[in-house]
Structure formats: C-alpha cells, structure tokens
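A.B. asks: Before I ask anything, let me first share the structure, which is written out below as structure tokens.
No value in this document is a laboratory result; all are computed from the given coordinates. Model, not experiment: these values are computed from the prediction. Cβ placement follows ideal geometry from the backbone for every residue including glycine, while neighbour counts extend to all protein chains displayed.
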Amino acid sequence: MKTKRPNNFPLKIMSLAVAILVWLIVVNVDNPVISKTYIISNVELINKQYIEDTDKVCMRDDEQTPVRVTIKAERKTLSRITAENIQAVADAQQAVSLETNPVMIPISVTCPGISQNNISVQPQNMSVRLEDRATAEFMVTVNSGEGMPGKGYEIGSQIVSPEKVRITGPKSMINKIDKVIANVDVNGITEDTTDTENLTIIDKNQEQLSEDSMKYIGMDNAKATVTTKLWKVRAGVKINVNYKGEPADGYVVDSAVTVPETVSVAGSEEALDELKVMGNTIWVQDEKSVDISGAKNDVEEKVNISELLSEGLKLTSGSSEEVWVNIRVLPEGGKIFTIPATKDSVRFKNKADNLQVSFEIDKMEVRVKAVDGNIEALSNDDIKASIDLSDKEEGSYEVPVKITLPKGYELIEDVKTEIKVSKVSTIAEEK
C-alpha cells in the first residue's frame, strides 16, 4: 500500500521567496549605494574664443571656490573611481551673461559608468573675470648674469634676434611689464657663441612673471637667438693727461699723474692694433683737459675715461669709468721726492721694545723748495725722515713725519703717513 505524500507546494514558494529576500538583504548590506565627494582642481575652460572674440581676455577668478563633485553609486563602483576619472568642464558658450563681473559659466561633470542624475557639483559655476585685451612691443635685452668669459676675454657685443617681440594679454598685465630678457650663460667661454634661449618677462617690480600669469600671455616669439662676440683684454694701458692754462705767478707744473696709473681695456682685433700704434696710451682730448689757471696748489679732477676710448674699445668689467687726474703745482724751485715707506728710509723714535711697526702705504711724497741752492743738487739720500712713537699703543694711526733737510732747502708742506702698531710675538706667547 502506497503512502500519500502531502502537497507542500505553497511552502516551497514561500521558502524561495524568503531565500530571495535574504539574498537581496545580504547583497545590499555587502555593496550598498553610497555617496562620495571628490575635489577637482583642473576644471577645463572650453570655447574661450567665444568670449575672446569680443576683444576680451578670460581670466579665472583667483578666489574661485574649490570644485567638489559628489557621486552616488554602489560602494564597489565608487572604489574604482578616482578624481582622474572625473572630467569637469566649463563651456564659455554657456555663460550666464557676459555683462556681469565676474562672469559665471556653468560647470558640467561626467564620469564613465555614472548617470548624470547621480552626479552633483558645487559650486555649479566657474567664476571668470573679463579684461580688455592689449598688445605692446618690447625690445629684447640680453642678460649674462654674473657669468664671465674665460681669462683674457670680455664680452665685446651681443646681438639678439629678434630684437623685439609683440606681447598680447590682459591690459593690466601688459602695463606691468618692464622688459623682456634672454638669459645667456657666458661663464668661462673663450670663443664666440650662438645660443637660442627662452624669453623671460620681467615686471616693474623686477620680478619674473609667474606661471599663472603667463597662461594669459601670448608672444609672437617665445625664443630668441643670441650671438656673443668676445674681445681680448689688454692690460697696462697708460693715460696721457693734458692741462690748459697757467698756474699763478711764481708757480710751475711739476707733473701730471692719474689714479689709477694704468687701466685694462678690451677690444676688437683692429682696435687693439690701433691702440698699439698709439703706444698703448689713451690720450685725453683737449675738451677734457684740466684747467689750472691761477693755481697755487695741486689741481685734481675726475675724468670719464670711457668717453675717450675709440670705437671698438671698452673698459674691462668692474673697472671704474672715471680716473682721478692730478696736476701737481709747486712753487718755482720746488720738486717732489718719493721716499720708500720702509724701516731703512724712516727712523722710529721712542718705540717700545715690545712693539713693532709696519707701514700701510708703500711710499711718501716729500715736496721741497730750494731757498739758497740748486734743487737738482738735492737727492733722496739727503732727506732724513723720522716718526715719533711716544705714547703709541697697538692700533692704526696717521702720523706726522719729521723731515730734516740740508741747509738751503725747505719743506713746502707737512708730510704724513699711515702706520700700524702691533705687539711683538714671542715663542712663549705662541705656545
């Protein structure tokens, strides 16, 4: 006899429904729909030409609030999304109005695999400023910095091409530009060079235009070619001094000297050859002559020597453009003697045994006049010099020099010199 099975179909249906419900709960708990916010720093502004066709420049507002994009999706989906997957653009053609300042342009955000309904953005608009566009031309200058060519050479000339550039950008920014430079490295070079360099814009505060500012600047040439030509250096070039007029009655010109006595110049091969023919001497022209009319003392004057150089010559870097010209005027019968500033030529009086003396200069000038005799008969050996060191301790001093002369001669003016007094070191002290 067969056993009759119970009919449990409704129970099976109920079990299946419970299983599906449990599965949905588990899936939902394990991979829920959540929201995640991303910070986007590179919102692209497209179709700028739409605004720039109105002769305006479109500039992003410096105070623009960071763009925050919120995406709603399943957790596993969001785990695969990074900020790089999100594209944010602001279409200038969609600007709310070009009459406002700033202009507000809607921001549109897309992300692969995410519906637009599940993407939100704050702020919803990009803030941009409109400014009149301006164009100006600037000469290109060459900047070699502190670099110096190799020994024995100077920069003779630097030719840049193009000589000028046209720059277009916001009017306020163009008005701040001071100059455009091409930086060239000449350090250690010993032959002519040609370099192509990026141009750098310098503002009126002497600062380089920032990268952010350069985004709004357009140049018809961003590079320049600089040709650097070198000149050879010649040292020991003398200076011939002229003077005009006559000193006062009873006075004569003894000599004319310059400080420095010689200078170094750089020049082209042709100019240096011509200088050699002139005895490697720079001649002071008549209009630069020193006027000594009526003088009873030395006449000293500055002369700009750079103005005396012939074409193709220049003073070496770091040289002063001016020299001191000294026309020495003495009474008739007078003469200038040069005494070496050494212990052999000058006697020290009243020097303490524990002190030593050194000179700060290498020579002294002694001006002597013949009262009853021939000045040419007087020699350096006849002139006796001494310095009194009474009460002198360690230190530097300007001291009078006592000059003793033979009978028939007198000193025209007092003599002073510079000395340094220091203690004598002993072996015991050094140890």
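A.B. asks: At 7 Å along Cα-to-Cβ for each site, give me the label-to-label distance between Glu74 and Asn118 in nm.
C.D. replies: Placing both labels 7 Å beyond Cα along the Cβ direction yields 0.9 nm.
A.B. asks: Moving on to the next point. Express in nm, to one decimal, how much length is gained between Lys215 and Glu270 on full extension, taking 0.36 nm for each residue of separation and deducting their alpha carbon distance. Provide the component values of the computation, followed by the final result.
C.D. replies: Working: separation 55, 0.36 × 55 = 19.80 nm, distance 4.79 nm.
Contour length minus the Cα-Cα distance gives 15.0 nm.
A.B. asks: Given a Förster radius of 51 Å and the C-beta distance between Gln64 and Asn183 as r, what FRET efficiency does 1/(1 + (r/R0)^6) yield to the nearest 0.05?
C.D. replies: Values: r = 33 Å, r/R0 = 0.65.
With a Förster radius of 51 Å, E is 0.95.
A.B. asks: Only Cα pairs within less than 10 Å get springs; with that Gaussian network setup on the chain, which residue of Val252, Val233, Val371 has the largest fluctuation?
C.D. replies: Maximum fluctuation in the GNM of the chain, among the listed residues, is at Val371.
A.B. asks: Using per-residue counts of other Cβ atoms within 10 Å, averaged over each peptide, order 100-110, 138-148 from highest down. The partial results should precede the final answer.
C.D. replies: On the way: 100-110: 17.1, 138-148: 14.7.
In descending order of packing, they fall as 100-110, 138-148.
A.B. asks: Using Cα pairs under 8 angstrom and six or more residues apart, how large is the relative contact order of the chain, in percent? If you can, show how the numbers build up before the last one.
C.D. replies: Working: 838 pairs, mean separation 39.7, N = 431.
Relative CO of the chain lands at 9 percent.
A.B. asks: If you plug each phi of region 273-284 into the Karplus form 6.51 cos²θ - 1.76 cosθ + 1.60 with θ = phi - 60°, what whole-Hz ³J(HN,Hα) values come out, in order, with x for Gly and Pro?
C.D. replies: Each residue of region 273-284 in turn: 5, 5, 5, 4, 4, 7, x, 6, 10, 9, 9, 6 Hz.
A.B. asks: Note the angle between two axes, namely the Cα long axis of helix 9-30 and the longest principal axis of the Cα atoms of the chain, as a number of degrees from 0 to 90, rounded to the nearest 10.
C.D. replies: Value to nearest ten degrees: 10.
A.B. asks: Next question, about the same structure. Residue-wise, which Karplus ³J(HN,Hα) couplings in Hz belong to region 368-377, taking 6.51 cos²θ - 1.76 cosθ + 1.60, θ = phi - 60°, and x for glycine or proline?
C.D. replies: Once θ is set to phi - 60°, the couplings for region 368-377 become 10, 10, 7, 8, 9, x, 9, 4, 6, 7 Hz.
A.B. asks: Sort 284-292, 202-210 by packing, meaning the average of other beta carbons within 10 Å per residue, with the highest value first. Walk me through the numbers before you get to the answer.
C.D. replies: Details: 284-292: 15.0, 202-210: 12.2.
Listed from highest to lowest mean packing, they are 284-292, 202-210.
A.B. asks: What is the packing order of peptides 241-249, 121-129, taking the mean over residues of other C-beta atoms within 10 Å and listing the highest first? The partial results should precede the final answer.
C.D. replies: Details: 241-249: 15.2, 121-129: 17.6.
Per-residue mean Cβ counts within 10 Å order the peptides as 121-129, 241-249.
A.B. asks: Can you give the charge dipole size of region 33-123 about its Cα centre, rounded to the nearest 20 debye, using +1 on the beta carbon of Lys and Arg and -1 on the beta carbon of Asp and Glu? Mind dumping the intermediate values first?
C.D. replies: On the way: 9 positive and 11 negative charges, 156 e Å.
Approximately 760 debye in magnitude.
A.B. asks: Over the chain, what portion of Cα pair distances is larger than 32 Å, expressed as a whole percent? Show your work: numbers first, answer last.
C.D. replies: Numbers: 65127 of 92665 pairs.
For the chain, the share of Cα pairs beyond 32 Å comes to 70 percent.
A.B. asks: Need the list of aspartates and glutamates near Lys343 for cross-linking: C-alpha distance under 12 angstrom, and skip anything on the same chain fewer than eight residues off.
C.D. replies: Asp362
A.B. asks: For the pairs Lys276/Lys369; Lys384/Lys423; Lys276/Lys302, flag any whose C-alpha to C-alpha distance is greater than 29 Å.
C.D. replies: Values: Lys276/Lys369 39 Å; Lys384/Lys423 26 Å; Lys276/Lys302 25 Å.
Over 29 Å apart, Cα to Cα: Lys276/Lys369.
A.B. asks: Follow-up question, since we're still on this one. Just subtract the alpha-carbon distance of Glu365 and Ile159 from 0.36 nm times their residue separation and send over the number in nm, one decimal.
C.D. replies: Difference between extended and current length: 69.2 nm.
A.B. asks: Taking amide H atoms as placed 1.01 Å from N in the peptide plane, list the residues 5 or more away in sequence, or in a different chain, whose amide H sits under 5 Å from that of Lys384.
C.D. replies: Thr404
A.B. asks: Which residue, Lys36, Lys369, Lys176, has the most motion in a Gaussian network model of the chain that connects Cα atoms within less than 10 Å?
C.D. replies: Result: Lys36 has the largest fluctuation of those listed.
A.B. asks: For Gly152, what charge total do you get from the other residues with a beta carbon under 11 Å from its beta carbon, if Lys and Arg give +1 and Asp and Glu give -1? Show your work: numbers first, answer last.
C.D. replies: Numbers: positive: Lys151, Lys232, Arg234; negative: Glu154.
Summing Lys and Arg as +1 and Asp and Glu as -1 gives +2.
A.B. asks: Let me ask you something else. Quick one: order Glu261, Glu197 by neighbouring beta-carbon count within 10 Å, fewest to most. Don't skip to the answer; put the middle values down first.
C.D. replies: Working: Glu261 10, Glu197 18.
Final ranking by Cβ density, sparse to dense: Glu261, Glu197.
A.B. asks: I need the calculated FRET efficiency for the pair Phe348 and Ala83, taking r as the beta carbon distance and R₀ as 60 Å, to the nearest 0.05. Kindly include the intermediate steps, with their values, before the conclusion.
C.D. replies: Details: r = 85 Å, r/R0 = 1.41.
The formula returns an efficiency of 0.10 here.
A.B. asks: Looking at the calculated P(r) for region 334-430, what percent of the C-alpha pair distances fall above 20 Å?
C.D. replies: Working: 1956 of 4656 pairs.
That fraction is 42 percent.
A.B. asks: Still on this structure, please answer the following. Which residues does the label zone of Asn47 cover in region 106-129, counting backbone N under 13 Å from a point 7 Å along Cα→Cβ?
C.D. replies: Within reach of a label on Asn47: 106-108.
A.B. asks: Shifting gears a bit: For Thr225, put the label point 7 Å out on the Cα→Cβ axis and report which residues of region 144-185 keep their amide N under 20 Å from it.
C.D. replies: 144, 156-166, 181-185
A.B. asks: Rounded, prolate or oblate, given the Cα gyration tensor of region 33-151, with a/c below 1.5 counting as rounded? Show your work: numbers first, answer last.
C.D. replies: Details: a/c = 3.60, a/b = 1.65, b/c = 2.18.
Oblate, because a/c is 1.5 or more while a/b does not exceed b/c.
A.B. asks: From the cross-link list Lys392/Lys416; Lys176/Lys223; Lys296/Lys420, which pairs have alpha carbons spaced over 25 Å apart? Please list the in-between numbers first.
C.D. replies: Details: Lys392/Lys416 16 Å; Lys176/Lys223 21 Å; Lys296/Lys420 33 Å.
In this structure, Lys296/Lys420 lie more than 25 Å apart at Cα.
A.B. asks: Something else about it: For the chain, set up a Gaussian network in which alpha carbons nearer than 10 Å are linked by springs, and say which option among Ile159, Ile13, Ile39 fluctuates the most.
C.D. replies: Checking each option, the largest mean-square fluctuation is seen for Ile13.
A.B. asks: Dividing the Cα radius of gyration by the Kirkwood radius, what Rg/Rh value follows for region 241-331? List each step's numbers first, then the result.
C.D. replies: On the way: Rg = 14.9 Å, Rh = 14.2 Å.
In region 241-331, Rg relative to Rh is 1.05.
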